[in-house]
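A.B. asks: What follows is a structure written as structure tokens; I'll ask about it next.
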Amino acid sequence: MSEFVDDRHESVHDTAPGEVRLDAGGIGKSLIGYLIGLGLAVGLTAASFYVAGTDLIWHPGVAVALIVLAIAQMGVHLVFFLHITTGPESTNNVLALAFGVLIVFLIIAGSLWIMANMNHNMMPMQQIMQMQR
């Protein structure tokens with residue numbers, strides 16, 4: 001005998017805040033999720049500009065505040081727009097994101113390494129001027 005699993009009766013509470021389930025609430029519920037994400041993203045962007053433009057935070061702490069707001073905004077984008085959740089169905093998305101981060105890291109690190117090596121091996125300007133005399 002085969003077992004029949006009816007997954008239509010899954011709980012609506014099994015989803016993450018940014019996960020879209022059209023069968024659970026229709027297009028209206030997913031639109032509300034996108035609008036919440038948009039509101040949070042705009043609010044975090046406005047907060048970043050406000051922190052950078054005022055004396056609200058002690059001047060050496062502004063960079064730390066901007067980093068915290070940037071990390072929060074990355075979290076909002078990952079959850080509400082890219083739908084990266086802890087569920088098993090988003091494993092491919094997480095792997096693709098990790099691969100993209102690896103490629104970006106390799107490009108930035110390689111560029112910095114090449115520029116540092118070129119800077120180290122370049123002839124100083126004073127020696128070039130002396131050779132031209």
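A.B. asks: Using only the Cα atoms of the stretch 19-133, build the gyration tensor, take square roots of its eigenvalues as a ≥ b ≥ c, and label the shape rounded, prolate or oblate: rounded if a/c is under 1.5, else prolate if a/b is larger than b/c, else oblate. Can you show the working numbers first?
C.D. replies: On the way: a/c = 4.31, a/b = 1.87, b/c = 2.30.
Because a/c hits 1.5 or more and a/b fails to exceed b/c, the stretch 19-133 counts as oblate.
A.B. asks: Does the stretch 44-107 come out rounded, prolate or oblate, given a ≥ b ≥ c as the square roots of the eigenvalues of its C-alpha gyration tensor, rounded meaning a/c under 1.5 and, failing that, prolate meaning a/b above b/c? Show your work: numbers first, answer last.
C.D. replies: Details: a/c = 3.80, a/b = 2.06, b/c = 1.84.
The shape class here is prolate.
A.B. asks: Probe of 1.4 angstrom, ligands and nucleic acids ignored: what's the accessible area per residue over the stretch 26-133, in square angstrom?
C.D. replies: Result: 79 Å² per residue.
A.B. asks: As a test of reading the structure, rank V94, V64, V51 by solvent-accessible area (1.4 Å probe, protein chains only), most first. Don't skip to the answer; put the middle values down first.
C.D. replies: Details: V94 65, V64 90, V51 15 Å².
Highest to lowest solvent-accessible surface, that is V64, V94, V51.
The values are calculated or read from the model by the stated rules, or taken from the named source; none is laboratory data. What you see is a predicted model; the values in this text were computed from it and never measured. Accessible surface areas use protein heavy atoms only, side chains included; no ligands, DNA or RNA. Shrake-Rupley method; radii C 1.70, N 1.55, O 1.52, S 1.80 Å.
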